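Okay, so here's the structure we're looking at.
The numbers here are math on the coordinates, done by the rules we state, and not lab data. Since the model is a prediction, treat every value here as computed from it, not as a measurement. Cβ placement follows ideal geometry from the backbone for every residue including glycine, while neighbour counts extend to all protein chains displayed.
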Amino acid sequence: MSITREDILRELELLPVWKLKQAPVAELPIEPSPQVANQTVEVAPQKIAKQWVLLCLPSLTQTEACHTLLANIIKAMQLQQTDYVLLQEVEALTQYQAQCVLMFGMQAAHACLGISETSIESMRGKAHMLADTACWVTHHPEQMLQNPLLKRDVWQDVCAAKQSLQK
């Protein structure tokens with residue numbers, strides 16, 4: 001004869017864990033009243049407050065080096081993990097209430113701002129308003145890897161965005 005775990009717990013008077021103290025109540029079908037059944041309550045989705053939203057849409061050839069470069073930019077910005085969120089989908093942007101949005105690449109700018117500009121140079125260095133949020137457009141990390149001189153431009157955009165938050 002083998003002793004099971006249940007046998008040991010019964011011997012220690014630990015089983016059964018609960019005991020029924022009264023007879024179960026008969027279940028009654030609950031039907032909502034017609035007044036309540038036809039009412040709909042709309043609840044506005046609660047947005048998550050963040051100081052920064054960093055939007056970097058993935059590219060077809062994005063590599064680990066792109067992720068490392070983006071992590072280094074975040075580290076250089078001296079952001080706490082609670083201060084920012086890094087998004088890779090435009091749709092996710094609606095979940096956040098940010099003070100500043102930093103968009104990496106024209107693809108992100110086109111998707112969010114609905115602009116027809118084709119030159120990133122005409123978009124860089126200034127805030128573009130989306131509702132009440134200042135959005136800044138800068139180069140995609142993949143472009144910075146192809147042309148390291150663009151890192152200076154990105155850093156200038158980051159500094160301009162940080163200064164606008166301090167005002």
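Listed here are the pairs LYS50/LYS167; LYS47/LYS126; LYS126/LYS151; LYS47/LYS151; which of them are more than 22 Å apart at the Cα? The answer is LYS47/LYS126; LYS47/LYS151. Working note: Karplus 6.51/-1.76/1.60 with θ = phi - 60° gives the stretch 114-129 the couplings x, 9, 10, 4, 10, 9, 5, 5, 6, 9, 5, x, 9, 7, 10, 8 Hz, where Gly and Pro are set to x. Here ALA127 and GLN46 are evaluated by their C-beta separation; at R0 = 25 Å the FRET efficiency comes out at 0.45.
Once backbone amide H atoms are built at 1.01 Å from N, LEU87 has LEU54, LEU55, CYS56 as its partners under 5 Å, excluding neighbours fewer than 5 places away on the same chain.
Entry for the stretch 49-166 at q = 0.12, 0.19 Å⁻¹: log10 I(q)/I(0) = -0.37, -1.02, Debye formula applied to identical alpha-carbon scatterers, no solvent contribution. Note on GLU11 and THR63: the extension gain reaches 12.7 nm, defined as 0.36 nm multiplied by sequence separation minus the Cα-Cα distance. Residues whose amide H falls under 5 Å from that of GLY125, counting only those 5 or more places apart or on a different chain, are VAL137, with hydrogens built in the peptide plane. Peptide packing: for 62-71, 112-121, the average count of neighbouring Cβ atoms within 10 Å per residue gives the ranking 62-71, 112-121, highest mean first.
The HN-Hα couplings worked out from phi for the stretch 86-91 by the Karplus form 6.51 cos²θ - 1.76 cosθ + 1.60 (θ = phi - 60°) are 9, 10, 10, 10, 5, 4 Hz, whole numbers, x standing for Gly and Pro.
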